[in-house]
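The values are calculated or read from the model by the stated rules, or taken from the named source; none is laboratory data. Here the structure is a predicted model, which means the values were calculated and not measured. Because the Cβ atoms are built from the backbone with ideal geometry, glycine has one as well, and the counts that use them run over all protein chains shown.
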Amino acid sequence: MNTEAVNAYPVPSRWEAFRVAETPAEYVFHRPRVYLETTIASYLTARPSRDLNTARLQWITSRWWNSWHTQFEIFVSSFVVDEAREGDPEAAQRRLNFLSRFRQLEEDSYCKALRARLTDARLLSPDAQADLKHIAIASVHRMEYLLTWNCAHLANAHIASKVTAVCSSAGYSCPIPCTPLQLLERYENGHKT
């Protein structure tokens with residue numbers, strides 16, 4: 001018997017098949033943390049729209065979701081769930097079913113304090129103050145992206161720079177507010193961050 005060959009390729013024990021190997025460090029990768037705002041759940045769960053612009057946004061959102069959502073660690077908050085409950089009961093139930101799979105971020109005293117600072121800065125109109133809740137909770141919980149179709153208040157470059165300044169002055173890193181189209185372009189064109 002060739003002992004050299006036996007030692008080079010030992011016969012596995014009967015328990016070897018059940019052993020779980022540790023994942024090598026080179027295979028572990030960072031998944032960016034994304035906060036889903038309510039509009040994303042709405043577009044993903046709504047019936048197809050006859051309005052061309054709305055249908056386009058639904059298609060883009062679905063395309064991002066089907067292609068890329070597994071590359072991110074996704075979070076929502078009680079604010080998102082509360083907003084998803086509003087409106088048509090059947091549509092609200094579809095949104096709630098969709099959102100139930102994600103970890104929910106909790107609002108704490110740090111979120112309230114940051115929201116107060118954002119409110120004092122008067123960055124948004126009085127009717128849009130609820131959007132500051134999303135920014136505050138996503139910032140405090142260190143989200144990298146705030147995914148939304150709310151381009152008037154959240155995914156707005158003019159407002160985002162001011163919001164980032166307020167968050168930075170409070171010691172927080174503001175998430176990048178973006179739409180599914182922006183994330184789709186970033187990841188499909190190889191500009192991953």
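Is it the case that the range 10-32 has a residue that's over 24 Å from Cys178 (Cβ atoms), at pLDDT below 95 and surrounded by 10 or more Cβ atoms within 10 Å (Cβ to Cβ)?
no
Here are some residues: Leu184, Leu123, Leu154, Leu118. Which one is farther than 15 Å from Glu37 by Cβ and assigned to a loop (DSSP other than H, G, I, E, B)?
The match here is Leu123.
Of all residues being of a type in the set (A, V, I, L, M, F, W, C) and in contact with a Leu (Cβ under 8 Å, 6 or more places away or on another chain) in the range 38-65, which is nearest to Leu96 (Cα to Cα)? Just the residue, please.
Step by step, filter the range 38-65, then rank; the result is Ala41.
Return the residue satisfying two criteria in turn: it lies in the range 85-107 and is in contact with a strand residue (DSSP E or B) (Cβ under 9 Å, 6 or more places away or on another chain) and of a type in the set (A, V, I, L, M, F, W, C), and of such residues it is surrounded by the most Cβ atoms within 10 Å (Cβ to Cβ).
Once the filter is applied, the top-ranked residue is Leu99.
Yes or no, residue by residue, for (1) among the small types (Gly, Ala, Ser); (2) free of Cβ contacts under 8 Å to residues at least 60 places away in the same chain:
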{"site": "Ala84", "(1), (2)": "yes, yes"}
{"site": "Gln104", "(1), (2)": "no, yes"}
{"site": "Tyr110", "(1), (2)": "no, yes"}
{"site": "Leu146", "(1), (2)": "no, no"}
{"site": "Ser173", "(1), (2)": "yes, yes"}
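Picking from Arg142, Arg186, which residue would you name as being modelled with pLDDT of 85 or more and under 28 Å from Ser62 (Cα atoms)?
After applying the criteria, what remains is Arg142.
So how many residues does the range 147-167 have that are modelled with pLDDT of 80 or more and in contact with a Cys (Cβ under 7 Å, 6 or more places away or on another chain)?
Looking only at that region, the number is 4.
So, in the range 126-136, of the ones that are farther than 20 Å from Pro180 by Cβ and touching a residue at least 12 places away in the same chain (Cβ under 8 Å), which residue ends up farthest from the chain's Cα centre (by Cα)?
Checking each candidate, the answer is Ala128.
Among the residues of the range 115-122, are any on the phi < 0 side of the Ramachandran plot, under 19 Å from the mean Cα position of the chain (by Cα) and of a type in the set (Ser, Thr, Tyr)?
no
Please go through (1) farther than 25 Å from Ser173 by Cα; (2) without any contact (Cβ under 8 Å) to a residue 60 or more places away in the chain; (3) buried (at least 16 other Cβ atoms within 10 Å of the Cβ) for Ala155 and return the number of the only condition it doesn't satisfy.
With respect to (1) farther than 25 Å from Ser173 by Cα; (2) without any contact (Cβ under 8 Å) to a residue 60 or more places away in the chain; (3) buried (at least 16 other Cβ atoms within 10 Å of the Cβ), Ala155 is out only on (1).
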